Structures are given as C-alpha cells and as structure tokens.
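Below is one structure, written out as structure tokens; comments come after it.
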Amino acid sequence: MVAKSSKPKRGVTTDRVGTIYRALRRAIIEQALEPGAKLPEDAIGERFGASRTIVRHALGQLASEGLVELRRNKGAAVATPSWDQARDIFDVRIAMERLVMSRLAGRLTRQQIDQLKTHVAEEEKARGRDEPMSIRLATEFHIVLAEMTGSEVLERYVSEVSSRCGLILALYSRPHSSECAVSEHRQIIDALAKGDADRAIAMMDQHLEAVAGRALIVARPNKGRDIKDILAGYTDDESARGKNGARR
C-alpha cells in the first residue's frame, strides 16, 4: 500500500490562506491592529493552527494591497503611511470615487438602491455602539459602490486605497465620527438615485474632504495589545463563516 501524502491539498491551503488574509484585513480595517503593529508569523500561525508558510502567503497578499510592510530581517508589520503620503492617497481616492459617481448616477437598479440603504441602516445601528464595526461599514460603503460599477479595476483600487486611508486615519486623525458618515452616505445615495451626477460627485468630494480634514499631524499612541488576543475574535468569526459556508 502507498502511504497517503501529508502534503495539504491545494484547495485546503488556499482556503487557509484566505481565512487568515480576511481576518487580518478586517482587524486592520477596524483598527484593532494598528499601524506599525508587528505581525509575527509564529504567533499568527498558532492562533489559526497554520504553518508559517501559509501565514507568509496571507501577509504577502496584504502587502500587495499596501496594508502590510514586509521588512527584511524584521518581519512583517501593519503598514505605517507617512504624513507626506497621506494627501496623495486621499487625492487618488477622491479622483477614483468621482469616476464611480459618474458611472453610477442614474444607472442604479432598485435592488442596488435598496442594498445601499440597508448598508447605511447597518451603519446607523452600529453608530455609538460598536466603533470597529462602524469604521468597517463606513469603508465598505465605498467598496460596495465601486462593485456596483461592474468594473473589477475600480473595485480593486477603491478597496485598496480606502483601506490605506483607514490606516492614515488610525495614525493621524481625530476619533471616528460615524454620524457624519451616515448622513453623508444617505445624501450620496439620494443623488445617485435621482441621476444627478454633478451633485453626487460634489457630495462625495465634500464627504472625503471632511474625512481627510479629521487628520492630525500628531500620531496616536500604540495600545500595545498582544496580537493573539486581538485576533481571537477574528479567528472565531472566520470559523463560523466556514461552518456556515459548509452548511450551504
């Protein structure tokens, strides 16, 4: 009899990489993992029951999006955008989201409008109760808009630049104000639904300039929490996601 190979199947490995990637990405977007936080492969692997090689692949994906820095002989860490980069990143985001507005104005289906309104209702629900979720939902609103254009290029780059803006805000900004985001998001939906591209672009510009305007030059102090404690909740969420997917 031939012994079975102990090497994991490609699909299993890919799923494990995806699980770690999604958990880390969400922790970064929700600012549970702060800019500059170290991402040791052994600690992450222990938390997820994965090899360092698998963890390294997940970190590589995040590095390609600008969310993680892979430092030679120092390991990986959450990216720390410089103040000099901040304005350029926001300007790039504003330009891309203007294009999203022009693509969507007057073209949204009733189902898409309802989806956006439901998303904003979830933002409203999280406001003042769950700041990490509020931050994530505010970011995801822009990604959902980009997805609705049907352009994989816009979806990818809006997602990446929105997440990088989140890192900048985690470093330099005043506390997150979800109240502004919720009301501004509703106004953007209204302009898009009415087919008013100029107003939608103006509202998006105003919204993103307000977000950028919250930034301060003084960096926030790092909370210094242990990475395995931070990732505990995200591990549980990904496990539940996997089980629900298996049931379907």
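The values are calculated or read from the model by the stated rules, or taken from the named source; none is laboratory data. None of the values given here were measured: they were computed from a predicted structure. Counting neighbours? That spans all protein chains shown, and the Cβs are built from the backbone with ideal geometry, glycine included. Remember, those area values only see protein heavy atoms, side chains included, never the ligands or the DNA or RNA. Shrake-Rupley method; radii C 1.70, N 1.55, O 1.52, S 1.80 Å.
Conditions tested, residue by residue: (1) of a type in the set (Ser, Thr, Tyr); (2) closer than 16 Å to Lys74 by Cβ; (3) more than 15 Å from the chain's Cα centre (by Cα).
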| position | (1), (2), (3) |
| --- | --- |
| Asp15 | no, no, yes |
| Arg26 | no, no, no |
| Gln31 | no, no, no |
| Glu41 | no, yes, yes |
| Arg47 | no, no, yes |
| Thr53 | yes, no, yes |
| Arg56 | no, yes, yes |
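For region 158-179, state whether one or more residues are modelled with pLDDT of 90 or more, over 28 Å from Ser82 (Cβ atoms) and over 16 Å from the mean Cα position of the chain (by Cα). There is no residue in region 158-179 that is modelled with pLDDT of 90 or more, over 28 Å from Ser82 (Cβ atoms) and over 16 Å from the mean Cα position of the chain (by Cα).
Would you point out the residue of region 181-196, among those that are of a type in the set (Val, Ile, Thr) and modelled with pLDDT of 95 or more, that is surrounded by the most Cβ atoms within 10 Å (Cβ to Cβ)? The extreme case among them is Ile188. Does Ser151 qualify as being modelled with pLDDT of 95 or more and either within 15 Å of Thr139 (Cβ to Cβ) or surrounded by fewer than 20 Cβ atoms within 10 Å (Cβ to Cβ) (or both)? When the stated conditions are applied, Ser151 passes them.
When region 58-76 is filtered for residues that are closer than 16 Å to Ile20 by Cβ and not in a loop (DSSP other than H, G, I, E, B), the ones remaining, listed by number, are Ala58, Leu59, Gly60, Gln61, Leu62, Ala63, Ser64, Val68, Leu70, Gly75, Ala76.
Per the listing Met96, Met133, Met101, the residue uniquely open to solvent by 30 Å² or more (accessible area, probe 1.4 Å), within 18 Å of Met203 (Cα to Cα) and either free of Cβ contacts under 8 Å to residues at least 60 places away in the same chain or assigned to a helix (DSSP H, G or I) (or both) is Met96. Here is a check on your reading of the model: is Val55 part of a helix (DSSP H, G or I) and at pLDDT below 95? Against the criterion (part of a helix (DSSP H, G or I) and at pLDDT below 95), Val55 does not qualify. The residues of region 104-130 that are at pLDDT below 95 and either open to solvent by less than 50 Å² (accessible area, probe 1.4 Å) or in a loop (DSSP other than H, G, I, E, B) (or both), listed by number, are Glu123, Ala126, Arg127, Gly128, Arg129, Asp130.
For beta carbons closer than 9 Å, sequence separation of 6+ or different chains, a first residue in region 150-166 that is at negative phi and aromatic (Phe, Trp, Tyr) and a second that is assigned to a helix (DSSP H, G or I) and open to solvent by 20 Å² or more (accessible area, probe 1.4 Å), the qualifying pairs are Tyr157/Val92; Tyr157/Met96.
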